[in-house]
């Protein structure tokens, strides 16, 4: 009995100390949502810090392709364009609440790249309504860290 | 001679597991299985969030989706359905679904003129649309497996209202109440 408990504790410690790649990717996506969320009380310095933190989630050659209802489709290429767009959004919006729900991670066989599908729930400004958008992320492992290489929106209703 | 008080179960036992524990356990098991089957395969409990179905449904209302509603027949015009964001097999266990009303059936053409919906060129009677609407949109043809879904609240601009053609396999079920 004691041996089984020790083994279970050991396994639990192992999973905490050496999490699986799926868990790391999930954590990354969850943390991305927190970083992309701003509240009204966030000052300029906090917002600027969040922008620079946000850029850290993306690979140098990352691409974001947006094609959502109500806005013209556009693509952001590279960290500079992403930084510019994030800074613009964080400056103009009073609040931005981002949640990634139903996150599904598919690891490649080499465990160096991952595809993530999720539903993004976004509430911007003082709007009572929110937007829901299916999204697809591609991540790759760079020097031990998972970085986003591609983000694209998926149209649910055509 | 046995004392009557000794054979009577303690009041705490009666309160927690009843006078006949075996029967109580069977009842609990049946209840658990019934709930599991009902909420796993038949009814999907939902909490409504958002303004797109106003005034018919508003944020905070609790309802259920009947997953078996379309076993015997296909979705009908006017049905309020839940539509999954991704194709089946996309997102593992979708916790977020669109809730919309079907106005266009497979093969039909849906258009909006002067805020009114037109199906195959004929105006559609929609008593559930209460807010003023000024939508103008060219005809959209539904494919053989597509339904045109839209919310009842059409007071926002056309482009900001999530709507469009949904494949049959994305329709999870019909709203129960």
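Going through (1) within 12 Å of chain A (Cβ to nearest Cβ); (2) touching a residue at least 24 places away in the same chain (Cβ under 8 Å); (3) buried (at least 17 other Cβ atoms within 10 Å of the Cβ) one by one, residue B:70 falls short only on (1).
Report whether or not residue A:95 is within 14 Å of another protein chain (Cβ to nearest Cβ), surrounded by fewer than 18 Cβ atoms within 10 Å (Cβ to Cβ) and over 28 Å from residue A:23 (Cβ atoms).
Working: within 14 Å of another protein chain (Cβ to nearest Cβ): no; surrounded by fewer than 18 Cβ atoms within 10 Å (Cβ to Cβ): yes; over 28 Å from residue A:23 (Cβ atoms): yes.
Considered against the rule, which asks whether it is within 14 Å of another protein chain (Cβ to nearest Cβ), surrounded by fewer than 18 Cβ atoms within 10 Å (Cβ to Cβ) and over 28 Å from residue A:23 (Cβ atoms), residue A:95 comes out as no.
Only helices (runs of 4 or more DSSP H) whose full extent lies in segment A:1-60 are considered here, and the ones with at least 1 residues that are exposed (fewer than 10 other Cβ atoms within 10 Å of the Cβ) are A:2-17, A:44-55.
Of the residues in segment A:3-15, none is at pLDDT 90 or above and in contact with a strand residue (DSSP E or B) (Cβ under 7 Å, 6 or more places away or on another chain).
The values are calculated or read from the model by the stated rules, or taken from the named source; none is laboratory data. Worth saying up front: this structure is predicted, and the values here are computed from it rather than measured. Positions of Cβ are backbone-derived with ideal geometry, glycine not excepted, and every protein chain shown enters the neighbour counts.
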